[in-house]
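Okay, so here's the structure we're looking at.
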Amino acid sequence: MKIIRLKPGKERSLQRRHPWVFDGAVARGGGDAGETVRVESHEGQFLAWGAFSPNSRIRVRAWSFDEAQRIDAAFFSDTLARAIALRTRLGIQSNGIRLVHGESDGLPGLIVDRYGDTLVAQFTACGVERWKAVIADALIGLTGCPRLYERSDTSSRKLEGLPEATGWLRGSGETAFELQEHGWRLGLDIAHGHKTGYYLDQRDSRLALYEYTKRLGFAQVLNCFSYTGGFSVAALAGGAGHVTSIDSSGPALEQARANLLLNGLNPAQASFMDADVNTSLRQFVAEGRTFDAIVLDPPKFAPTAAHAERAARAYKDLNRQAFKLLTPGGVLFTFSCSGGIGVELFHKIVASAGLDAGVDGAILQRLGGACDHPMTINFPEGEYLKGLVVMKKA
Ligand code: SAH
C-alpha cells in the first residue's frame with residue numbers, strides 16, 4: 001500500500017471532506033496512475049483513501065474518508081447503486097437522466113448519463129480510468145441497460161495525461177436518440193453531440209423559459225449559443241412569436257431545425273444564424289434591433305478560478321450587449337457554466353453589465369443545474385451552472 005504524506009497544515013481540506021489534494025500539499029509519496037493510496041497528515045494520521053494522479057495538479061482524488069473502507073469492486077458497485085437509487089427517488093420525467101455526477105456522487109472523474117436504455121460515460125481522471133471495467137460491469141448490472149458508450153473526449157483528460165477514448169464499452173447499437181422532456185422531442189447523437197450528447201443540466205431552465213414565455217408572451221426571442229435549439233423549442237412551445245437561434249456550429253443548428261419540426265412547430269417563426277454571438281449582438285445593436293427575451297448560455301469561459309478574471313470580462317461584455325437589445329419589460333435569461341465563477345461573482349458581473357448598459361433590472365429568479373446534477377456542500381466547485389432571470393425595468 002502506497003502512502004501519501006501531506007505537508008503540515010494541509011490536512012484541513014480533507015478533514016472538511018473536500019475530495020481533492022493538490023500537488024503543493026504533498027510532502028512525499030507517490031503511486032501509479034489511478035492507484036489507490038492512503039493519504040496521511042504530516043503526523044501520520046489517516047485522512048482518506050484516494051486515487052493517485054501523477055500528472056495532474058489534483059494529485060489525489062478521495063474515494064473514502066473511512067479508514068475501514070476497502071476500495072474494491074464492491075465499493076464501486078455500492079457507490080454507483082446509491083447514485084442510481086437517488087435518481088430513481090427523484091422521479092425525473094425524462095428519458096435522459098444523469099445517473100452519476102462525479103464528486104457529488106463520491107466518484108471523482110466519473111459522469112454517467114442514461115439515454116433510454118443506453119448509458120453514456122465519461123472517465124475524466126486516472127482513478128476511474130483504472131477501474132473502468134469494474135465500473136462498466138457494475139453499471140450494466142445495476143441499470144439493466146444493455147449498452148454503454150464511452151465519451152472520454154474531454155479536455156480535462158489531457159491534464160491527467162490520459163488520451164481521448166470514445167466508442168462502445170459494452171454492447172452496441174444506434175447512437176442517434178430522441179430525448180423526451182417536458183413533452184418535447186429533442187433529437188441528439190450520443191457519439192457526436194456535446195458532452196454525452198446533450199445539456200441535460202439545463203432541463204429546468206428550459207422549462208422556466210417556456211413558463212415565462214407563456215406568462216409574458218414574448219414576441220421576439222433571441223437564443224444565443226443555442227446548440228440544438230432546446231431553448232428555442234421551449235420558447236416556441238410557450239407561444240413565442242419568433243425565435244432567432246445563434247450558434248457557431250452548423251451541425252448543431254441543423255439539429256435545431258429538425259427539433260422544431262419534430263415538435264410540430266412552425267419553421268416560419270424561427271431563424272437560425274451560423275455566426276459568432278459577440279459579433280451578432282454588436283451588429284443587432286448597430287441595426288437598432290430589439291428582443292423581448294434573450295437567452296445567453298455560453299460555453300465554459302472559466303474552467304477554474306485561475307481563468308476567472310478574463311472570463312468575467314467576457315461574460316460582462318455579452319450581458320451588456322444583451323441588455324442593450326432588450327425591450328423595456330423584456331427578460332434576460334443569462335447563464336454561466338464556469339466552475340471558476342461563483343454565484344456571487346456572476347451576480348456582480350450581470351449587475352455591472354446592466355449598469356454599463358444603463359439598464360435597471362429586476363431579478364425575477366435564480367436558476368441552476370437540474371437536481372440529477374446535485375452539488376455537495378463540501379465541494380463548492382460542483383456548483384458550476386448558475387443562471388439569472390432579469391427583467392429590464394420599463
Ligand atoms: N443552450 C444550449 C447549450 C449551449 S452550449 C442547450 O440548452 O442545449 C454552448 C454552445 O455555444 C455550443 O453549441 C457552441 O457551439 C456554441 N458556441 C461557442 N462559442 C460560440 C460563439 N462565439 N458564437 C456562437 N456560438 C458559440
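The values are calculated or read from the model by the stated rules, or taken from the named source; none is laboratory data. The structure presented is a predicted model; accordingly, all values stated were derived computationally and were not measured. Cβ placement follows ideal geometry from the backbone for every residue including glycine, while neighbour counts extend to all protein chains displayed. Each accessible area value is taken on the protein alone, full model and side chains, heavy atoms only, with ligands, DNA and RNA left out. Shrake-Rupley method; radii C 1.70, N 1.55, O 1.52, S 1.80 Å.
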message = List pairs: first residue in segment 196-211 and without any contact (Cβ under 8 Å) to a residue 60 or more places away in the chain, second residue part of a helix (DSSP H, G or I) and open to solvent by 10 Å² or more (accessible area, probe 1.4 Å) anywhere in the structure, Cβ distance under 6 angstrom, at least six positions apart or on different chains.
response = ARG206/PHE231; TYR210/ALA237
Segment 362-379 - residue that is assigned to a loop (DSSP other than H, G, I, E, B) and more than 21 Å from ALA208 (Cα to Cα) and, of those, modelled with the highest pLDDT = ASN378
ask   = TRP63 is checked against (1) outside any strand (DSSP E or B); (2) touching a residue at least 60 places away in the same chain (Cβ under 8 Å) and fails just one. What number does that condition carry?
value = (1)
inquiry  = Condition first: in a strand (DSSP E or B) and under 21 Å from the mean Cα position of the chain (by Cα). Can you find one or more residues in segment 126-138 that meet it?
reply    = no
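For the subset of segment 245-264 comprising residues that are among the charged types (D, E, K, R) and surrounded by fewer than 22 Cβ atoms within 10 Å (Cβ to Cβ), which member is farthest from the ligand (Cβ to nearest atom)? Let's see the steps before the verdict.
Start the filter on segment 245-264 by keeping residues that are among the charged types (D, E, K, R), which leaves 247, 254, 257.
Among the residues that remain, those that are also surrounded by fewer than 22 Cβ atoms within 10 Å (Cβ to Cβ) are: 254, 257.
On the way: GLU254: 12, ARG257: 14 Å.
Going through the qualifying residues, I end up with ARG257.
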key: Some residue of segment 161-177 being within 16 Å of the ligand (Cβ to nearest atom) and over 24 Å from GLU35 (Cβ atoms)   = yes
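Quick one: which residue in LEU142, LEU110, LEU86 is under 14 Å from HIS373 (Cα atoms), open to solvent by 40 Å² or more (accessible area, probe 1.4 Å) and of a type in the set (A, V, I, L, M, F, W, C)? Step through it out loud before you land on a result.
Details: LEU142 fails: under 14 Å from HIS373 (Cα atoms); LEU110 fails: open to solvent by 40 Å² or more (accessible area, probe 1.4 Å).
Selected residue: LEU86, the only one of LEU142, LEU110, LEU86 that is under 14 Å from HIS373 (Cα atoms), open to solvent by 40 Å² or more (accessible area, probe 1.4 Å) and of a type in the set (A, V, I, L, M, F, W, C).
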ask   = Checking LYS300 against (1) in a loop (DSSP other than H, G, I, E, B); (2) away from the ligand (no atom under 16 Å from the Cβ), which single condition isn't satisfied?
value = (2)
query = Within segment 289-296, can one find any residue that is surrounded by fewer than 19 Cβ atoms within 10 Å (Cβ to Cβ) and of a type in the set (Asp, Glu)?
reply = no
ask   = For segment 330-361, what are the residues that are assigned to a strand (DSSP E or B) and within 20 Å of ARG206 (Cα to Cα)?
value = GLY330, VAL331, LEU332, PHE333, THR334, PHE335, SER336
request  = Filter segment 157-187 for residues that are open to solvent by 60 Å² or more (accessible area, probe 1.4 Å), modelled with pLDDT of 95 or more and in contact with a Ser or Thr (Cβ under 7 Å, 6 or more places away or on another chain) and give the result.
outcome  = GLU164, THR166, GLN180
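May I ask you to verify whether LEU388 is touching a strand residue (DSSP E or B) at 6+ places or on another chain (Cβ under 7 Å) and within 16 Å of the ligand (Cβ to nearest atom)?
When the stated conditions are applied, LEU388 passes them.
Within segment 188-206, track down each residue that is away from the ligand (no atom under 12 Å from the Cβ) and open to solvent by less than 10 Å² (accessible area, probe 1.4 Å).
Pass one, segment 188-206, residues away from the ligand (no atom under 12 Å from the Cβ): 189-192, 196.
Result: ILE190, THR196.
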task = Report yes if some residue within segment 89-100 is open to solvent by less than 40 Å² (accessible area, probe 1.4 Å) and part of a helix (DSSP H, G or I); otherwise report no.
result = no
request  = Collect the residues in segment 11-22 that are farther than 16 Å from GLY382 by Cβ and surrounded by 19 or more Cβ atoms within 10 Å (Cβ to Cβ), keeping them in residue-number order.
outcome  = GLU11, LEU14, VAL21
